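Report on one structure; see the data block that follows.
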Amino acid sequence: AEKKTSAQLQQQLAGLQKSLDQESAQRKAAQQQAAELQTRLDGLEAQNGQLNSDLTNVRSQIADLEQQSASGRASAQEEIAKLQKQAADLEANSARIAKEREQLRQEQSRLAAALEQERIAKDEEIKRLTRTQEELSKSLQDEISKGNITIQQVRDRLTINMVDRVLFDSGQAQVKPAGVVVLKQVADVLNKITDKQIRIEGHTDNVPISSKLQGRYKTNWELSTARATTVVRYLIDHGGVDPQYLSAVGYADTHPIASNDTDEGRSSNRRIEIVLYPKDLKEIAGEVDTSATASK
């Protein structure tokens, strides 16, 4: 039991670290983008300052030539015309840089607002997921106390891990009566969820399918996929969960959470996992923004 608890804690720690690393990488990329925008702005400021200096010099030369022209120098008019054209070009460049600088400032503001909106959306998503975990833990308290079900939340992802004996008899993909009771409790919570995707994963140990069952399930791939699909069908047909939020996948023995060298480890690896994960953050952020605008 201690080894199993330790393995689960290690898995939770690894999942949490992976989630934190992903968030850190995303924020680092956004901060780098903001730094690049600031560098471009600084360059434009310097370029604009140089243009203004050049423009001042040109205008000074024009003033000198105009004085010389008034004194009667014929060549001064040509010089004045050239310098006036140069001044016009400098003014046009200055206007272009001012426009580009304003666009960059607007892009900076947009990026900062988007980052803040995504942060708010992320926090709201985690709060909602925490409430879902609390509701599931209360509903499945008996099975959790028996060690048949564990519920793990890592930031914005929630995983319900059910050992296969809760739902299925050995080598079977038909939910047994006791499993129907458990799935009903899970469905009563999941059918209220409209802001997450729900992936049903089938997992097995590494023991090959027995010869008497190979006519139905040739390998563990077929068995794990059939079990995941069976759970999806129940959640849709009897649990009232909207199909658009559901998906099913079979992993066979490729995602073990314990060693397959012991009976206990193999028992842990034979499982159904129901994973709740957020929709695209930009979509969530848009929903939060729309809700905030409507409340004003």
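Some points to look at:
- Qualifying residue in region 95-114 (condition: closer than 26 Å to Lys196 by Cβ, at pLDDT below 85 and either under 41 Å from the mean Cα position of the chain (by Cα) or open to solvent by 70 Å² or more (accessible area, probe 1.4 Å) (or both)): yes
Let's see how each residue does on (1) in contact (Cβ under 8 Å) with a residue 40 or more places away in the chain; (2) out of contact with any Phe, Trp or Tyr (no Cβ under 8 Å at 6 or more places or on another chain); (3) among the charged types (D, E, K, R):
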{"site": "Ser109", "(1), (2), (3)": "no, yes, no"}
{"site": "Ala112", "(1), (2), (3)": "yes, yes, no"}
{"site": "Glu118", "(1), (2), (3)": "yes, yes, yes"}
{"site": "Gln133", "(1), (2), (3)": "no, yes, no"}
{"site": "Leu136", "(1), (2), (3)": "yes, yes, no"}
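- Selection count where residues are crowded, with 18+ Cβ neighbours inside 10 Å and of a type in the set (Ser, Thr, Tyr), scope region 203-222: 2
- Yes/no for Arg155 being at positive phi and open to solvent by 10 Å² or more (accessible area, probe 1.4 Å): yes
- Annotation note: of Lys127, Lys146, Lys138, the sole residue that is under 17 Å from Ile274 (Cα atoms) and surrounded by fewer than 18 Cβ atoms within 10 Å (Cβ to Cβ) is Lys138.
- Inter-residue pairs, beta-carbon under 9 Å, first open to solvent by less than 70 Å² (accessible area, probe 1.4 Å) and in region 31-58, second at pLDDT 80 or above and β-branched (Val, Ile, Thr), 6+ apart: Leu44/Ile97; Asn48/Ile97; Leu51/Ile97
- Region 133-149, residues that are part of a helix (DSSP H, G or I) and touching a strand residue (DSSP E or B) at 6+ places or on another chain (Cβ under 6 Å): Gln133, Leu136, Ser137, Glu143
- When region 226-243 is limited to residues that are of a type in the set (D, E, K, R) and touching a residue at least 24 places away in the same chain (Cβ under 8 Å), the one that is surrounded by the fewest Cβ atoms within 10 Å (Cβ to Cβ) turns out to be Asp242.
- Hey, Ala228 at pLDDT 95 or above, of a type outside the set (D, E, K, R), assigned to a helix (DSSP H, G or I) and under 15 Å from Val163 (Cα atoms) or not: yes
- Residue that is most open to solvent (accessible area, probe 1.4 Å), among those in region 244-283 that are within 30 Å of Ile120 (Cβ to Cβ) and in a helix (DSSP H, G or I): Lys282
- So Asp188, is it farther than 23 Å from Ala258 by Cβ, surrounded by fewer than 18 Cβ atoms within 10 Å (Cβ to Cβ), at pLDDT 85 or above and acidic (Asp, Glu): yes
- Qualifying residue in region 201-218 (condition: touching a residue at least 24 places away in the same chain (Cβ under 8 Å) and part of a helix (DSSP H, G or I)): no
- Residue under evaluation Ile200, criteria (1) modelled with pLDDT of 95 or more; (2) surrounded by 20 or more Cβ atoms within 10 Å (Cβ to Cβ); (3) out of contact with any strand residue (DSSP E or B) (no Cβ under 7 Å at 6 or more places or on another chain), criterion not met: (3)
The values are calculated or read from the model by the stated rules, or taken from the named source; none is laboratory data. None of the values given here were measured: they were computed from a predicted structure. Here Cβ is always computed from backbone atoms with ideal geometry, including for glycine, and neighbour counts include all displayed protein chains. All accessible areas refer to the heavy atoms of the entire protein, side chains included, with ligands and DNA or RNA removed. Shrake-Rupley method; radii C 1.70, N 1.55, O 1.52, S 1.80 Å.
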